[in-house]
Amino acid sequence: MEIKNNHFNNSPFIFGNDNKVNYSSDDVQIDWDKFYKEIKATLTKLPQDSQEFQACTELLVETSTKNQDRVTNLLKKYLPEFTSDVFSNFASTFLSDLVWKILGNR
């Protein structure tokens with residue numbers, strides 16, 4: 001399909017069916033100290049018997065290594081916990097946004 005006399009030619013817009021945009025998490029810059037503090041603060045709010053608490057506890061340990069690949073793998077392992085309403089209700093906007101960026105906006 002070609003649309004003539006428009007401003008879309010030579011633009012980043014793509015037309016089609018079932019297009020999917022993938023976000024690469026390789027370029028995410030992490031403020032490790034703030035990330036660590038935000039996880040720690042979230043842990044004080046989460047119910048201690050929740051799966052989210054367990055996942056955050058492990059994330060706190062991984063964050064201290066400052067290894068983005070290990071953190072990403074842990075977030076993927078506990079994807080349901082880090083995308084749950086319980087986590088979202090207790091985590092700061094900074095922490096929630098960073099988790100989504102690292103996961104690639106899944």
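The numbers here are math on the coordinates, done by the rules we state, and not lab data. Remember, predicted model here, so these are calculated numbers, not experimental data. For neighbour counting, all protein chains shown are included, and Cβ atoms are generated from backbone atoms with ideal geometry for every residue, glycine included.
When the alpha carbon gyration tensor of region 25-103 is reduced to an equivalent ellipsoid, the three semi-axes, largest first, read 18, 13, 12 Å. Protection proxy ranking, highest mean first, for peptides 37-47, 51-61: 51-61, 37-47, where packing is the per-residue count of other beta-carbon atoms within 10 Å, averaged. As a calculated quantity, the FRET efficiency between LYS45 and ASP69 at R0 = 25 Å, using C-beta atoms, amounts to about 0.35. Our estimate of slack between THR57 and LYS77, defined as 0.36 nm per intervening residue step minus the Cα-Cα distance, is 5.9 nm.
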